[in-house]
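First up is the structure itself, then whatever we jot down about it.
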Amino acid sequence: SCRDLDSYLINFSAADDSCYIGRATFEEPCCNDYTSDHDCERQMHDVLIERINTVTLPDPSKQESDFGIRLKDSMDDKVDVKVSLDVSHLLAVDVKINSMTLSVSLELIWYDIGLAFEPFIGGCHHISFRASLDAELTEIWVPQIELLNLIDGVNTLPDAFASVRYDGRVTWRRTGILQSTCELNGIRDFPYDQTSCYLEIGGTRDPIVDRVNYFFDGEDSIGYSESVADNKFDFQEYRLKPDLTDVFYSSNSMSGYTRKVIIYEFFFDRAKTYYIILFIIPYILFAYLAMGVYFVDYSLGERLGYGSSILFVIVAQDITLLDSTPVTNDLLWINKISLASKAVAIFSIFQSIVMLYIYTYHEFEEDATEDNDMDGCSFSLDKEPEIEDALIINDKLLEESQPEENQPEKDTESNENNKYCCFLVDWTAKKMFLQGITEKDKRKTRKIKILRSIDFITASICFTAYTLVLTIVIVKVLVTKPSVSSHMRQDI
């Protein structure tokens, strides 16, 4: 019965160093408590608060066995503090300033012999104390732990009550937002990157705090909320990869002071589809469209305008992408696609300038030694010449390449020549391949045929080169698996 159990327990001393035996060891419903838990906690709190020192570190003697493990670097003059972290949400990853923002719960566990109490008194075995990094607010001593690579560190976490067990075991858990700055690894393959960032947690440079040994337990060092572990956050750019998280020790040296720190390294994937649809596919399409410049008639004023418009659109895409990519000396994967697309557009514009210059060189000069395409043309300052579509065939040039029996009457030829003599020979893919340069071709006709052949060859080279570069870049990023090994890991 409960009475027999109480009579049995009364014969043991809870102050014995070998063990603490009391009501907390057994199921509470099995024992008759004479006071409520609230009254017990209030009474014990008032008793203990009179002898608590919030500045001096707890007595660290025999603390190695309190956690059930033997720490290899534990010493009698150091207080062992167990650190564990629970992640509830990845709020943001800012590639512009290399930062990561997490919603976390940071839990610290340590032993303070000065807070131990007799669990027989009142029957309670847990007491709550106000705990804070602010010396004026805290009722007990707390570790001065900090996020070393902080933007918003541990000091910004809201204060919370610490729970003290009857044997002096203190649990202090705070929930809030941590924002760290770090080198975002793996971002070169943007947007196919698997990026990593880390939290660097340890003590401050205060010599007194250096007597605290922060450590983690492999099984309880990191935890995730159900939504994060199951990857349920679909409508956000980044998602954590809990199975790749790494926790390890590292040494931090600065200003001649070296300390051991705990590194929590997190890996996350990016929402690739967004960048593929809005950036990568348009880059590729605009590059191929830029090659259409080579098939635009020379007499049309839109040849340079068309190529320039394609280049402006690609540059506008780059400006839009600036908010999502960092400024770096290395070319990101998506920047390689953009650079190749701009190179195609710029080359097409440059080639068009050269071709138009050659085409229009001495265009209106008379050639005294050979027939001129302008023969038969008459212009009047009072009346502008009739303008037709640039692709209208110059009958005179076409008829000269046909047999004589197919030639029309001279008077008809003269009239038609007056109408079309100022326009270019129609160029189509069919005529470009089937019509070679003949002795009967006029000077301008020969020039046009040569230029159009150069256009076709240039278009073929650009198409082949761009497709080859695009294939190499895409295959390389898809075949190469991102590395998840930490470049900064230094096991201690």
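The values are calculated or read from the model by the stated rules, or taken from the named source; none is laboratory data. Remember, it's a predicted structure, so these values are computed and weren't measured experimentally. Don't worry about glycine lacking a Cβ; one is built from the backbone with ideal geometry, like all the others, and counts go over all protein chains shown. When the accessible area is computed, the model is the full protein with side chains, heavy atoms only, and any ligands, DNA or RNA have been set aside. Shrake-Rupley method; radii C 1.70, N 1.55, O 1.52, S 1.80 Å.
Report the full-extension gain for the segment N231 to E183: residue separation times 0.36 nm, less the Cα-Cα distance, to one decimal in nm.
Stretched out fully, the N231 to E183 stretch lengthens by 14.9 nm.
Can you tell me, using C-alpha contacts under 8 Å and at least 6 residues apart, the relative contact order of segment 191-334 as a whole percent?
25 percent
Taking amide hydrogens as modeled 1.01 Å from N in the peptide plane, which residues meet the under 5 Å criterion relative to I151, leaving out close sequence neighbours?
Placed amide hydrogens put Q179, S180, T181 under 5 Å from I151.
May I ask you to compute the full-extension gain from H45 to R239, defined as 0.36 nm times their residue separation minus their alpha-carbon distance, rounded to one decimal in nm?
Length gained between H45 and R239: 65.4 nm.
If each of A316 and T467 carries a label point 7 Å out from its Cα toward its Cβ, how far apart are those two points in nm?
Taking the two extended label points, one gets 2.9 nm.
Ordering E200, E118 by how much accessible area each has at a 1.4 Å probe, largest first, what is the list?
Result, largest first: E118, E200.
5 Å is the cut-off here: which amide hydrogens, built 1.01 Å from N in the peptide plane, fall below it relative to Y224, excluding neighbours closer than 5 in sequence?
Sorted by chain and number, the residues that satisfy this are V87.
Going out from 0 in 10 Å bins, what whole percent of all Cα-Cα distances in segment 118-198 drops into each bin?
With 10 Å bins starting at 0, P(r) equals 16, 31, 23, 15, 10, 3, 1.
Would you kindly find the accessible area of V93, with a 1.4 Å probe and non-protein molecules such as ligands, DNA and RNA excluded, rounding to the nearest 10 Å²?
20 Å²
Note down, for segment 210-304, the three equivalent ellipsoid semi-axes (square root of 5 times each alpha carbon gyration tensor eigenvalue), biggest first, whole angstrom.
Its equivalent ellipsoid spans semi-axes of 53, 21, 8 Å.
Å³ per residue of the Cα convex hull, for segment 158-248?
Once divided by residue count, the hull of segment 158-248 is 174 Å³.
Just subtract the alpha-carbon distance of T156 and Y274 from 0.36 nm times their residue separation and send over the number in nm, one decimal.
Stretched fully, the T156-Y274 segment lengthens by 39.1 nm.
Report E183's accessible area, 1.4 Å probe, all protein chains in place, as a number in Å² to the nearest 10.
Probe radius 1.4 Å; accessible area of E183 about 110 Å².
Quick one: ranking I319, I314 by accessible area, 1.4 Å probe, largest first, what do you get?
Ranked from most to least accessible, the order is I319, I314.
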